[in-house]
Every structure is written in structure tokens, then in C-alpha cells.
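The values are calculated or read from the model by the stated rules, or taken from the named source; none is laboratory data. Source: prediction; values computed, not measured. Cβ placement follows ideal geometry from the backbone for every residue including glycine, while neighbour counts extend to all protein chains displayed.
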Amino acid sequence: MDVYRVRGGARLSGSVSVAGAKNSALKLMAAALLASGRTRLENVPQILDVTIMTEVLRRLGCVVSADGDVLEIDVPEQTTTETDYQLVRRMRAAVAVLGPLVARFGHAKVALPGGDAIGARGLDMHIDGLQRLGADVRLEHGYLIATASRLRGAEVTFDFPSVGATENVLMASVLADGETVIDNAAREPEIVDLVDMLRSMGAVIEGEGTSTLHVQGTDGLRATVHRTVPDRIVAGTWAIGAAMTRGDVRVRDARADHVERVLQRLADMGADLSTYDDGFRVQMDARPTAHDIVTLPYPGFPTDLQPMAIALNAIADGHSILTENVFEGRFMFVNELIRLGAHITIDGHHCSIHGTERFSSAPVEATDIRAGAGLVMAALVADGVTEVGHVHHIDRGYPGFEEQLRALGATIERVTVPQADPSE
Ligand code: UD1
């Protein structure tokens, strides 16, 4: 098992560049399946999840080549249409191939992801949406099997603006017969990015960034060239890291407007902010002031930054409540933070936080990507050396994390240690 050893006390300062968004790139890769020929994706982050999605596409029969942050995906006239459990269990986002496969080839067989570290995360809205478009969707032997001779446009109204369901139904509807209206659609910048790419492939879509998407189905799409939107969650992680360590960080190649709510909260807590065309700067000179935070679908405060927000409030001056509205069960990492000396109690989807001036180092374990990044940020403000275990989770979403942290002044090393068997 690889661990990070982080010596607390550093103030993050300097400049850091943000790569393309993981949560966009994975769906753009799936969208490439909608047309035969070679699609070129630029600004793709070099992370484990992209490697897993590359494997998903290769097993379907695509030829995928990577050169730095450029990915070329050559899609044949006919691919296979099955994605097995071994891949989907490693990365849930692999279910994004469901919509494109059934729309283009009339058949998709994709394993159900199963257990997940952050809440139930059902697929009911993905399934209902595809059924509304006329697909027959059934579950057999742990696989979702979707079939349709030709999807037909329909009205799809989601109970909740699910990002993944919006993407799957959107990617299916672009090849459906007639008009589809997706209501209560997700408004995340990653959806807007996907719409931009689909449009450049020839799709006819209106309303991206709002709650209602109108799609006119077409008979076929063409391969394209597309540049991935910057990763707002990575950008937000650096912003919060700067505030936590009373640092001064200039975040480049990012979109300040995509983290507006996050920057507003940091300003409420005492940070000085500047925004630029290519990003922003966060400076914090004093101890942050505690502030309540509520996670919500975009443009609300992102759930993916909730662990960092809890860690920040846990060293802030005062008491705060963090309310999680997107994923139940996403407070698991709180127990790890408590090991570092945080004063936190959980009541349902609320987290009550009494700020303490500093953490004190202890061995802790990352439970998912964002919890991992949150723990590393917490370790930066802990006395002594904190060992953060299971850092493979962080590899899924943060390209060059330790190098970037070191460049900002952190003392961090990655070490391989033998993994203890808890049953012994
Ligand atoms: C995506 C992001 C994830 C982010 C989340 C919310 C990717 C790869 N992941 O996840 O990082 O935290 O958006 O911004 O892009 N739900 C259902 N039924 C469904 C679909 C969702 O009950 O059919 C529920 C989920 O359990 C969850 C909530 O809806 O409670 C939000 O899920 P969703 O927006 O779909 O998130 P993902 O697309 O899985």
C-alpha cells in the first residue's frame, strides 16, 4: 500500500496549474462512442480513472492512444457492447457508456457498480430515463441490459438533478428519433462541456447550464476535436488548501466562475481573493472564521469539496454546521479527521464542527478521492508527521498531486509500506 507522509506546518504558496476535469473527461470519452472515426480529446487529466475508462473503450473495440494530455479514440463502425464487472467496480463512471451504446448500436450490457463508499448511488434515474426513450432495460446476472431498435424522443423529468443520469439520457437522446426534453437536468459545468462536444459532433441541443435541455435527435454524428473544461474540484481543493494553511496560492488554467460559491465562502471566512481570466488567487493571513456550508447541486457548494470544507471549518475560529444534501453517508472520513483532533459530531446529514486551532498528527486512511485530498490538507496543519493511507484513491482524481504540493512548499513523500491484514 502506498501512503503519503506529510509534515505539518507548511504554508502553501506559489502558483499551481489545474488540468482538465476528471468528471468531464470520463463522459467525453464515453461520448466518443456515438460516432465512428477518430475523436481527439485535449486537456485530459493523467489520472487512474482515465486509464480505467481507456481500458473500458479498448475492450469495446476502440483504439485509444495517449500523448501527454491528448487522447485519441478511434471508434470502429461496430463495437462490442459489453462492459464487465471488473471494470465497473473499479470505477462507477464506466456506466456512462450505457446511453451511447444503446443509442448507437441498439444494445448495451453494462455491469451494475454495486457497493460504493459514498452512499447508495442508485441508477434508477438512468434506467427510467432510458426506458422513457423506448429502451427495454432489464437486470440479469448483475448486468443491466438495454435494447432498442431505435430510441425515440420523449419527455424525461428527473426527481433530482443527477449528473450521471442527465449525461446518460442526453447521450442517448442525441441519436433518438425526434425531440427529447430533459427536465430538472443537472447544470454542472461538466454537462455544459459534454453538450459543447456533442454539438461539435453534429448534435442539436439547447438549454445547457439550465434545468431544461431540449434535444433534436439526429441520424448520425461525426468524430470531433474537443478540449476538456478545467477541473473545478481540483481548483477548489487548492483554494481551500491555501485558506487552511494561511497561504497564498495562484491557481492557473482554472475557471473562477465555476468555483464562485466556494470562493464566496472562503471570502466569508476571511480570505482575500482575486480573479483572473485564467483562474484566481487565494490569500489568507489569519485563522479562518467558521462558517456554515450547505452542499447542493451546481451552482451550489459542491459535495466533492465537502471533506475539504469540513477540514477547513475544523481548524477555524468558532462553531459551524455543514449540511450534506447530495450524498448520504459521505461523512465517513470525519472519523479520520477526529483522529487528527477535530471536534465534530454527526447528526443525520448535518455535521456540527467546533474549530480547534491545530490538528495533531496520526495515521489516517483515505476512504475515497475527495476524503483523501481533504486528509492531506488536514495533515498540512497538523503538528508532526501524518501518514495518510490508501492514497490510490487520490490517484484517481489528482494528477501529480504530491509534486504540485511540494512545488507549493509542502513536505510530503510517497512511501510504499506493507499492508497489515486486519484479520490477523
Ligand atoms: C457525479 C460525480 C461526483 C459528484 C456527483 C454530484 C462523476 C464521475 N462523478 O456523480 O464526483 O459528487 O456527480 O455532483 O461525474 N441518484 C439516485 N439515482 C440515480 C442517480 C443518482 O438515487 O439514478 C442519487 C445518488 O445516490 C446521489 C445523488 O442522486 O445521492 C447524486 O448523484 P449524481 O448526481 O447522479 O452523481 P454521479 O453522477 O454519480
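Scanning the range 286-336 for residues that are over 21 Å from the mean Cα position of the chain (by Cα) and among the charged types (D, E, K, R) yields Arg287, Asp292, Asp317, Glu336.
Filtering the range 123-137 to residues that are within 16 Å of the ligand (Cβ to nearest atom), in contact with a strand residue (DSSP E or B) (Cβ under 6 Å, 6 or more places away or on another chain) and either among the charged types (D, E, K, R) or over 20 Å from Phe158 (Cα atoms) (or both) leaves only Arg132. Name the one entry in Ile52, Ile47 that is closer than 30 Å to Arg252 by Cβ, within 16 Å of the ligand (Cβ to nearest atom) and surrounded by fewer than 23 Cβ atoms within 10 Å (Cβ to Cβ). Within the list Ile52, Ile47, the selection yields Ile52. Of the strands (runs of 3 or more DSSP E) contained entirely in the range 207-263, those carrying at least 3 residues that are in contact with a helix residue (DSSP H, G or I) (Cβ under 7 Å, 6 or more places away or on another chain) fall at 248-252.
Answer yes or no: is there a residue in the range 316-323 that is of a type in the set (D, E, K, R) and within 9 Å of the ligand (Cβ to nearest atom).
No: zero hits.
You will find that of Ile353, Ile310, Ile321, the residue that is part of a strand (DSSP E or B) and either buried (at least 21 other Cβ atoms within 10 Å of the Cβ) or charged (D, E, K, R) (or both) is Ile353 and no other. Is it the case that Asn168 is at pLDDT 95 or above, within 16 Å of the ligand (Cβ to nearest atom) and over 13 Å from Pro297 (Cα atoms)? Yes: the conditions hold for Asn168. With respect to the conditions (1) in contact (Cβ under 8 Å) with a residue 40 or more places away in the chain; (2) in a loop (DSSP other than H, G, I, E, B); (3) of a type in the set (A, V, I, L, M); (4) in contact with a strand residue (DSSP E or B) (Cβ under 7 Å, 6 or more places away or on another chain), Val326 falls short on a single one, namely (1).
Once the range 160-182 is narrowed to residues that are buried (at least 24 other Cβ atoms within 10 Å of the Cβ) and more than 16 Å from Val97 (Cα to Cα), the residue that is nearest to the chain's Cα centre (by Cα) is Ile182. Can we say Asp383 is away from the ligand (no atom under 16 Å from the Cβ), in contact with a Pro (Cβ under 9 Å, 6 or more places away or on another chain) and acidic (Asp, Glu)? Taking the combined requirement at face value, the residue does not satisfy it.
Residue pairs whose Cβ atoms lie under 6 Å apart, sitting 6 or more positions apart in sequence or on different chains, and linking a residue in the range 62-77 that is closer than 18 Å to Ile52 by Cβ and at pLDDT 95 or above to a partner that is part of a loop (DSSP other than H, G, I, E, B) and among the aliphatic types (A, V, I, L, M), are Asp69/Val44; Leu71/Val44.
Looking across the range 252-278, just one residue is aliphatic (A, V, I, L, M) and touching a residue at least 60 places away in the same chain (Cβ under 8 Å), and that is Ala254. Checking each residue in the range 276-326 for being among the hydroxyl-bearing types (Ser, Thr, Tyr) and either under 22 Å from Leu337 (Cα atoms) or in the same structural domain as Thr166 (by TED's automatic domain parsing) (or both) picks out Thr289, Thr295, Thr303, Ser320, Thr323. Within the range 222-233, if we keep just the residues that are buried (at least 22 other Cβ atoms within 10 Å of the Cβ) and of a type in the set (A, V, I, L, M, F, W, C), the residue that is nearest to the ligand (Cβ to nearest atom) turns out to be Ile233.
Residue selection: Leu12 fails the criterion of being within 16 Å of the ligand (Cβ to nearest atom), modelled with pLDDT of 95 or more and surrounded by 21 or more Cβ atoms within 10 Å (Cβ to Cβ). Per this entry, Gly384 is not counted among residues that are surrounded by 15 or more Cβ atoms within 10 Å (Cβ to Cβ), farther than 21 Å from Gln306 by Cα, out of contact with any helix residue (DSSP H, G or I) (no Cβ under 9 Å at 6 or more places or on another chain) and touching a residue at least 60 places away in the same chain (Cβ under 8 Å).
Checking each residue in the range 57-81 for being within 20 Å of Ala103 (Cβ to Cβ) and in contact with an Asp or Glu (Cβ under 7 Å, 6 or more places away or on another chain) picks out only Cys62.
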